[in-house]
Every structure is written in C-alpha cells, then in structure tokens.
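What follows is a short report on a single structure.
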Amino acid sequence: MKENISIEVSNLSKHYGKFKAVDEITFDVKKGEIFGFLGANGAGKSTAMKMLCGLLGPTSGEGTVAGFDIYKQSEQIKKNIGYMSQKFSLYNDLTVLENMIFYGGIYGLSRKYIKEKTTTLLKELGFDDKLGTMVSSLPLGWKQKISFTLAHIHNPAIVFLDEPTGGVDPVTRRDFWEMIYKAAEGGTTVFVTTHYMDEAEYCDRISMMVDGQIHGLGSPAELKKQFESTNMDEVFIKLARPNEKV
Amino acid sequence: MKVLFFILEKEFRQIFRNKAMLPIIFVIPVVQLMILSFAVDYEIKNLKLTVVDADRGVYSRKLTEKFTASGYFHLLEYTSDNEEAANLMHGWKTDVILVIPNGFDKDLMNDEVPLVQLRMDAVDGTKAGMAAGYSQAIIRDFIFELVGEEMISMNKQPEFLYKGEVIPINYYNPYMNYKVYMVPGILAILVTMVGAFLSSMNIVREKELGTIEQINVTPIARYQFILGKTIPFWVIGLFEFSIGLVVARLVFDIHVEGSLFVLYFFTSIYLFLILGFGLLISTVTATQQQAMFISWFFLVIFLLMGGLFTPVENMPDWAQKFTYVNPVRFFIEVLRGIMLKGAGFTDLLNQFMLISGYAILLIWFAVRRYKKVDN
C-alpha cells in the first residue's frame, strides 16, 4: 500500500446476472481527502460503496480499504471504517446515548469513553441536552447528524456516507458539510455519495458514475474545465445525457 | 464477552420498551393454560342416565345416587319399565341405561353377587367407552362401600370385584383427570410458541428497519450477534415457563413429581432449540410477515403432531416416523415424565440426546445462515 492512499480500487465489478451494476471501476482515494462519489439514481454508487465496506461481495476486480483486501480481510476493514447508510439506521426505540453506547460498545470502546466522546461531539452541535432523548422524537435533520456522529464515534480511518443529506433542508445540509469538513481536518478520509451537484463543489475530488462506470474523475475545477462547463450541474448533464444539448 | 454484554443491554432495553412485550410475557401463559386446559377437555359430563329399578330397595337407590353424585351422570328417568327406557335410548334421549334387577337387595344380604346391566348408546363410541369406564369405577366404589358397611363380607370382596370383568386401575392420574394430562403438554406448547415467534421476528425486524446494515458494517462476530439475540429470549422463555408452573400448581393443583432441577435443565436446552429454530427462520426471511408465515407453517405441524391432541401411538406409521424430527413431541414427553411420573435424567436420556442434538444443529445453522457479506 502506498503511504498516502486510503482506498485503492481497480477494475471492480458487481454483476447481477447480465446486469452490470458496477462495471470495472478504477480509482483511488488519498488519506484525509473528501472524495465525492456522484451519479444519477441507479448509477451504482451504493453498490460500489457496499463492496468497499464489506457488505457486498464483488464479482471481480481488486480493492483495498485502509490497507486491507476487500475479499479476504473484510472484518479488518470493518474495524477501521465508519458507515452511514442511505436508510436511516439508528434505533428509534433507544435514546441518542443508548444508540452510541451500543455501537461504540461493539467497537470495543468503554462506556465512559463513549459517554464523554458523545457529549463532546454533541456539544459542538449544540445538541448535548438531547442525549437522553428517544431517537424517534427527533426531526430527520438531527437524526442524520446523529447518524454521522455515530459513524465516527470510534475514530475510523475512513467514513463512508451514502447520500447523507437526502431529504434534509438546505440549512441542515450546510451544517452537515461543516461536520464533514471537521472530520476531514482531523485526518479522516471521507467517502461520500450524493446526487446534489452543489455538494460536489465541496469535495476535494469527485468521480462521476454513469451506468456502473466512472466517466469522469478529478477535482471539481478539473472536471468543469474538461467538460467545458460553468458548474457541476452542466458537467453532470453532459456526462449522464451525452446526446442532450445544454 | 464485553461486546456481548453491550448487545444484551440493547436487546433487553428494546424488549422491555416494546409495549406489546409485557402482555406477551405475563398474560399469554396464564390465558393459554387456563383456556386450553379447560377447553381441550376430553371428559364427558352430563351423560343422560335412565335407571330401570325393578327392585326399589335401599341399595338400588344408593347405587343410583352414587351414579348421579359422581357428576358424570345426570338422572333423566327413574323407572321400572324396561320398555320405556329402550324407547328413550332409541329417541336419543338417554345415553346410558342402568338396569337393577328384582332381588338386588336380597342378593346382597345373602352375599350373592347380584347382576346389574349397563346399556350404552354406542353410536358415539368414545362417549360409550367413557361412560362404561365411569360406570365401572362407580360400581367398584360402591362395592368397597358395601364392604366398609360390612354389608358384603370381606372374603367375598374379590368375587364381587372380579366377577367376570377386568377392572382397570389408573396409575398416575387415578381419576383420569384430563387436566393432569393436558397441562404439561400445554406448558410445552407455550414455551414453543413464545420462543419461536419472538425469536423469528427479531433479526428480520432489523432487516426491515435497515439497522442490520449498520450492524453488519461493524466488526461484530456472528456468534456474538446470534447469542445476543438468543439469550434475552432464553431468559424470557424460562420466566414464562415458571409462570406456567405456578399456574399449574395454583389452579390445577399439579405438583412436579420429579426434580425441579432436571425440569429446568431440559427446558433450558429445549429453549435453545426453539430459539435456534426461530433465528434460523429470521435469517432466511426478508420481512416479518414472511417470518410469521413460515413459523406458523412449522408450528402448526409440530404442535398437532406433538402428541398432545392425538397420541403419537394413534398416528399412522409414516406419521409416527415423522414425529422423530418433531422437537415438540420430545419436550411433551419430557414434561409429562418429570411432572407426572417423577422421571429422572436417566429415564429421559434419549430425549436429552435428541433435544440437545437438534439445538446444536439449529443454532449452528442460524449462525451459518446469518451472513454479514451479501453475495
């Protein structure tokens, strides 16, 4: 593994029968980078992400995450990553702190540490008075922020975020991106899928997925230049609908 | 170990926060035992009795009273007309005719064995059989009473008792009380149903909510996860069983003849079997609805073929062979053995081997089937 590489993937594929959900994608992600994984609905973003997290077995290709092989060392990978699913995945019938204690406990953290860390993280969000609140009674935006906090409670090397801002209001989305920046400043690699093109601008580098393949890869500025566009929306439309005139 | 503790803490929290859980734990065992034990009752009561008393003596009346006082017979007609009695039976009005011949009292005084006749309407064979059984028992009691009153001399008693008939003596359940037979079986069903349903709905619920994905992306070990899901229901199952035992004692006056330790030992292993079964279903299904249907499918077969409603010996040969893979059958045998006969561990060695064998197999399968990586 190269020193500063966090995720390395070459020719990774996932086929369901004849359908190629992910078709030979190759990319790498540097340590501490915010890597945007963009594409339309059904482009294969979540499938690719699940293969990297060890939730889904690949059909072919190679990959390492945090230096561990995605085929043979998926349990090692799981110790070093955090994951926030597209589906809401906190327990509604537990309080915020109880959720943290459960997931933190699985990673082998002590109760005391989890409590302190959660309090600190939530204080930053101005939310520390809600530790004992039942998750079911929180608004969606807060649930998402809590999910993100939970995904890196154990200080993982990489966090995977699968459409973390789906369905939340613009203010919360901005808050959310501030949280992502903070995590990245702390040295965590952030791998995030989204289909909001304005969010793409916040990423260090992005890859554009179309029908299971990566059609564009680079920083937002490089991509705009390459596709002669003024913003990411245009880049996306040129890539996803190459026959349409913008 | 520490991880397991965190899982258990979470599971227990969720179980006790679920408002439907407390009724399931406390109400179901009581209601099931009460309703099923009283309703699934094969005793036949209120048999309509016609007595043809040609003697009209003191002892013929006493015998008649003995029949009506038993609670099984309801005196429809007290007559001396044989013809009338026959018509009553023909018209479905009476089930049993007791004919006491002229000279009944006189024969008894002379230490002669009098002959009484019992006629049953045997269209319903079971009913007739039961009626014959009750009558025999009543007549036998009657003879003992007469011996007690020195109406019949002691040395004549055997002649009275065994004259041309076999008088059965019922062991373990002397009054053929159906509840004694039913309650241990219903306890077995209770443990089976509660265990299988609760556990089969559990993992699949996390699949439906999507929380399983978050768990699968953690370094949790598969056995930790399955154990974390099993142990809470194991505790609840044992608790349910205990409530059932208390109800059996207080309501039905059924005492455990054998050792409580052996009883709980077997129940503990059996619960692992049933929970393994439930969790296996939970791992192969995608929704709670599917899990429910599949559990029902198996449970109905297991329960109906468990030997509670139909004795295993009454089943056709192929069905008897099938019951060897039916864990409910063995658990009912175990409970009846320990609770009624006072059977010890060595008497139940076969059942122990089968139950623990299936338990290990099912839990192993459940761990195997629970996959963190989807292919």
Inter-probe distance in nm under a simple model that places probes 7 Å from Cα toward Cβ, at A:Phe19 and A:Asn231
3.3
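Would you mind working out the magnitude of the charge dipole of the protein assembly as shown relative to its Cα centre, with +1 at each Lys and Arg C-beta and -1 at each Asp and Glu C-beta, to the nearest 20 Debye? Each step should come with its number before you reach the end.
On the way: 61 positive and 66 negative charges, 442 e Å.
It works out to roughly 2120 debye.
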Buried on assembly, region A:36-73 (at least 50 Å² less accessible surface than by itself, 1.4 Å probe)
A:Leu55
What share of the DSSP beta bridges in chain A is antiparallel, in percent to the nearest 5?
50
Report the chymotrypsin sites (Phe, Trp or Tyr not before Pro) located in region B:1-85 that are in a DSSP loop and have at most 14 other Cβ atoms inside 10 Å of their Cβ, or state none.
B:Tyr42
Go ahead and collect, in residue order, the members of region B:3-41 whose backbone nitrogen is under 19 Å from a label point 7 Å along the Cα-Cβ direction of A:Ser110.
B:3-7
Which of B:Thr285, B:Thr230, B:Thr211 ends up with the largest GNM mean-square fluctuation for chain B, with Cα atoms connected below 10 Å?
B:Thr211
Positive-end residue, chain B charge dipole about Cα centroid, Cβ charges, pick of B:Phe302, B:Phe144, B:Gly129:
B:Phe302
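What FRET efficiency would be calculated for the residue pair B:Ser242, B:Glu150, taking the C-beta separation as r and a Förster radius of 51 Å, to the nearest 0.05?
Values: r = 51 Å, r/R0 = 0.99.
It comes to 0.50.
Only four residue types carry charge here, +1 at the Cβ of Lys and Arg and -1 at the Cβ of Asp and Glu. Report the dipole size of region B:47-153 about the Cα centre in Debye, rounded to the nearest 20. The partial results should precede the final answer.
On the way: 10 positive and 18 negative charges, 68 e Å.
Charge dipole, region B:47-153, about its Cα centre: 320 debye, nearest 20.
Taking R0 as 56 Å, what FRET efficiency do you get between B:Trp364 and A:Asn4 from their Cβ-Cβ distance, rounded to the nearest 0.05? Mind showing how you got there, number by number?
On the way: r = 44 Å, r/R0 = 0.79.
The pair B:Trp364/A:Asn4 has a calculated efficiency of 0.80.
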Expressed as a whole percentage, what fraction of the accessible surface of region A:149-246 belongs to carbon and sulfur atoms when a 1.4 Å probe is rolled over the protein heavy atoms?
48
Give the accessible surface of the protein assembly as shown per residue, rounded to a whole number of Å², with probe radius 1.4 Å and ligands, DNA and RNA excluded.
47
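Using a Förster distance of 45 angstrom, determine the FRET efficiency expected from the C-beta separation of B:Ile35 and A:Glu75, and round it to 0.05. Present the calculation step by step, with values, prior to reporting the outcome.
Working: r = 49 Å, r/R0 = 1.10.
After rounding, the FRET efficiency stands at 0.35.
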Under a no-solvent Debye model with one identical scatterer per Cα of the protein assembly as shown, what's log10 I(q)/I(0) at q = 0.10 Å⁻¹?
-0.95
Using label points projected 7 Å from each Cα along Cα→Cβ, tell me how many nm separate B:Val27 and B:Ala286, to one decimal.
3.4
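What's the longest uninterrupted piece of chain B once you rule out the GluC sites (Glu not before Pro) that are loop residues per DSSP with at most 16 other Cβ within 10 Å?
Working: sites that count: B:Glu43, B:Glu112, B:Glu149, B:Glu150, B:Glu165, B:Glu257.
Longest gap between qualifying sites, sites excluded: B:258-375.
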Selection from B:Phe331, B:Asn202, A:Ile146, by position along the positive dipole direction of the protein assembly as shown (Cβ)
A:Ile146
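How big a patch of accessible area, both sides summed and in Å² to the nearest 100, lies buried between A and B at a 1.4 Å probe?
On the way: alone 11980 and 19690 Å², together 28890 Å².
Approximately 2800 Å², summed over both chains.
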Counting pairs of Cα atoms in chain B, how many percent are more than 33 Å apart?
48
Packing-wise, with mean Cβ within 10 Å as the measure, how do B:351-363, A:78-90 rank, highest first?
A:78-90, B:351-363
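Just the number, please: percent antiparallel of the DSSP beta bridges in region B:47-153, rounded to the nearest 5. All intermediate terms of the calculation are to be shown ahead of the outcome.
Working: 4 of 15 bridges.
About 25 percent, rounded to the nearest 5.
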Leaving out ligands, DNA and RNA, and with a 1.4 Å probe, what % of the accessible surface on region B:47-153 is carbon or sulfur?
51
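Across the residues of A:84-90, average count of Cβ atoms on other protein chains within 10 Å?
Details: counts 2, 7, 2, 6, 4, 9, 4.
Counting Cβ atoms of other protein chains within 10 Å of each residue's Cβ and averaging gives 5.
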Other chains near A:98-104: what is the mean number of their Cβ atoms within 10 Å of each residue's Cβ?
4
Let me confirm one metric for peptide A:107-113, namely the mean number of other chain beta-carbon atoms within 10 Å of its residues' beta-carbons.
2
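Going through the cross-link list A:Lys78/B:Lys2; A:Lys79/B:Lys371; A:Lys18/A:Lys87; B:Lys62/B:Lys179, which pairs have a Cα-Cα distance over 20 Å in this structure?
Values: A:Lys78/B:Lys2 18 Å; A:Lys79/B:Lys371 17 Å; A:Lys18/A:Lys87 27 Å; B:Lys62/B:Lys179 30 Å.
Check vs 20 Å cut-off fails for A:Lys18/A:Lys87; B:Lys62/B:Lys179.
The values are calculated or read from the model by the stated rules, or taken from the named source; none is laboratory data. Just so it is clear, the model here is predicted, and its values are computed rather than measured. Note that each Cβ is placed from the backbone with ideal geometry, even for glycine, and that neighbours are counted across all protein chains shown. Quick note on the areas: whole protein, heavy atoms, side chains included, nothing else; ligands and nucleic acids left out. Shrake-Rupley method; radii C 1.70, N 1.55, O 1.52, S 1.80 Å.
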